């Protein structure tokens with residue numbers, strides 16, 4: 001699995017934007033990625049120093065479309081804490 005397969009997309013919500021003041025960035029990651037793989041991928045892609053990685057799995061929700069019932073896919077999120085002085089340029093224009 002390459003580093004770009006591990007990091008799927010950044011998550012941009014009110015809660016994740018509030019974490020930017022504390023050097024915390026939120027990403028959707030591959031479900032089978034470990035914390036070490038996530039840390040190495042973030043450091044290589046964005047050239048920053050990662051202190052800590054917290055992960056959480058969100059289960060899929062049941063959705064209905066008329067008489068048909070289905071589920072949304074489950075996802076995995078990673079909250080990455082960067083070292084003081086490090087920042088990811090992608091998020092700078094969003095704050």
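Nothing in this text is a laboratory measurement; each read-out follows from the coordinates by a stated rule. This is a predicted model, so every value here is computed, not measured. We place every Cβ from the backbone using ideal geometry, glycine too, and count neighbours over all the protein chains shown.
Which stretch or stretches of region 18-37 have amide N atoms under 20 Å from the point lying 7 Å from residue 87's Cα along the Cα→Cβ direction? Under 20 Å, as judged by backbone N against the label point of residue 87, lie 18-27 of region 18-37. Its convex hull of Cα atoms gives the chain a direction-averaged projected area, equal to a quarter of the hull surface, of 7.1 nm². Between helix 35-46 and the chain there is an angle of about 60 degrees, using the helix long axis and the longest principal axis of the Cα atoms.
Per-residue ellipticity at 222 nm computed for the chain from its helices equals -5500 deg cm²/dmol, with DSSP H segments shorter than 4 residues left out and the rest contributing -39,500 (n - 2.57). Largest GNM mean-square fluctuation across 18, 41, 33, computed for the chain with C-alpha springs under 10 Å, falls on 18.
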